[in-house]
1. Along its three principal axes, how long is segment 87-290 when you only count alpha carbons? Whole Å, largest extent first please.
2. Within the chain, what's the longest run with no GluC sites (Glu not before Pro) in a DSSP loop and at most 14 other beta-carbon atoms within 10 Å? Give the range, please.
3. Only Cα pairs within less than 10 Å get springs; with that Gaussian network setup on the chain, which residue of Asp286, Asp225, Asp42 has the largest fluctuation?
4. In Å, what Rg and Dmax follow from the Cα atoms of segment 173-322?
5. Counting heavy atoms of the protein chains only and a 1.4 Å probe, report the per residue accessible area for segment 299-419 as a whole number of Å².
6. For the chain, set up a GNM with springs between Cα atoms under 10 Å and report which of Ile373, Ile219, Ile86 has the largest fluctuation.
7. Under the Karplus relation 6.51 cos²θ - 1.76 cosθ + 1.60, θ = phi - 60°, what is the ordered set of whole-Hz ³J(HN,Hα) values for segment 224-232, x standing for Gly and Pro?
8. List the aspartates and glutamates whose Cα sits under 12 Å from the Cα of Lys259, skipping any in the same chain fewer than 8 residues away.
Amino acid sequence: MSSTTHADDDPVTTTRRRFLTAGSAAVGGAVLGTSTAAAETDNLPPNVPEWMKAPGEPTGGQLYGAPSPFEKGVVKNISKALKQYISASSRTPLQELDGIITPNGLFYERHHGGVPTIDPAQHRLMLHGLVERPLIFTIDDLRRFPSESRIHFLECSGNPGYTKPYGKTASDLVGLVSCAEWTGVSLKLVLQEAGLKPEAKWVVAEGADAAALTRSIPIEKCLEDAMLVYSQNGERLRPQQGYPLRLFLPGFEGNMSVKWLRRLHVTAEPVYSREETSKYTDLLSDGTAREFSFYMEAKSIITRPSGGQRLSAPGFHEVTGIAWSGHGKIARVEVSVDDGRSWQDARLQEPVLTRALTRFRLPWQWDGKPAVIQSRAIDETGYVQPTLAELLAVRGENYFYHNNAIWPWLIAADGEVTNALA
């Protein structure tokens with residue numbers, strides 16, 4: 001059994017002390033008097049940099065703000081080897097981000113029939129079936145309902161697969177997860193407006209894309225925390241995220257949060273659509289299939305240091321990453337820097353929200369020797385994130401979805417970071 005030790009009583013003070021002592025040599029090249037090539041450039045101290053010598057761009061030069069041109073490499077991760085890009089995905093560059101909120105322009109995508117261009121003035125939401133009053137809503141109708149905003153993650157159920165080759169970076173591995181503040185109306189409120197009949201047990205949601213993606217939602221989830229969303233991170237949904245209206249089911253696998261929502265059919269039974277029979281089900285080793293595996297289990301990954309990065313020198317480094325669970329809040333995240341022989345509690349950054357990304361941090365003194373680092377999440381139900389071997393032992397080789405395994409990173413003596421399971 002691995003031992004669990006706690007980080008120092010005051011990790012912030014400890015971090016500062018270690019950085020100022022053991023890390024002083026690593027930052028010495030930035031002080032006055034160094035002879036490095038970088039320090040000889042005209043824009044470094046004590047010289048006056050060129051951008052101080054003339055006015056900058058005029059106000060209003062960008063009517064919709066864009067990142068600095070020096071951050072042009074921070075973009076969504078899209079494979080160049082796909083056979084087609086209509087039913088495909090793009091990944092969030094997790095290793096490049098801080099905090100827990102994903103910018104709208106970097107939010108992961110998964111489409112089944114491309115991205116439709118929908119005029120909101122011509123879009124309607126139909127609500128019918130086992131209700132007292134079938135209704136048709138415009139977007140303006142829905143915006144008249146009391147609104148609410150909540151922060152939640154969204155994750156594709158195939159994030160990642162179980163078989164090699166495994167990804168090289170955090171984005172390659174689990175980049176089909178993102179987190180945002182969602183604004184809309186409670187689905188429960190809209191269903192109450194229509195009046196549910198006693199036999200209503202499921203709500204079948206249909207999207208207005210070319211695939212007409214359709215999923216069956218248990219009525220319990222619809223009455224718990226489901227939302228009809230029209231805004232993301234303070235602005236209207238982007239087309240890639242379902243503009244002008246999407247369903248959002250916190251903690252459920254991403255395909256069930258149907259985008260471009262056009263119809264809600266209240267029924268007594270699930271519809272058993274393509275996306276819940278031939279897709280998004282898993283064949284078990286005994287020949288049976290696991291279906292309606294709604295919840296995304298507890299999961300975490302270290303994003304810095306992580307694959308594709310390199311530690312510049314021995315000394316102080318912060319180990320940081322994200323954790324999340326479809327079953328509620330993250331209670332703890334443990335980090336191992338010795339290939340799982342011992343574990344330490346990482347510090348969780350506030351706020352720690354239900355069904356949202358949680359940022360964790362651990363101060364670490366790297367001795368310059370090869371090391372394997374990894375994290376494991378424990379959610380408020382007590383569930384502990386498993387290893388890949390533990391998952392495969394239970395689910396078998398045919399499994400495809402809901403891989404929430406621990407992913408270790410190998411740090412070589414020269415500081416290069418790679419996937420330890422690759």
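1. Principal extents (largest minus smallest coordinate, Cα): 53, 45, 29 Å.
2. Details: sites that count: Glu132, Glu199, Glu224, Glu291, Glu397.
The longest such stretch corresponds to 1-131.
3. The residue that fluctuates most here is Asp42.
4. When restricted to the Cα atoms of segment 173-322, Rg and Dmax are 18.9, 66 Å.
5. Details: 4560 Å² over 121 residues.
Per residue, segment 299-419 has 38 Å² of solvent-accessible surface.
6. Ile86
7. Along segment 224-232, the couplings run 8, 9, 5, 10, 9, 9, 10, 9, 9 Hz.
8. Filter leaves Glu109, Glu206, Asp209.
The values are calculated or read from the model by the stated rules, or taken from the named source; none is laboratory data. Source: prediction; values computed, not measured. Note: ideal-geometry Cβ built from the backbone for every residue, glycine included; neighbour counts use all protein chains shown. Surface areas here come from the heavy atoms of the whole protein model, side chains and all, with no ligands, DNA or RNA. Shrake-Rupley method; radii C 1.70, N 1.55, O 1.52, S 1.80 Å.
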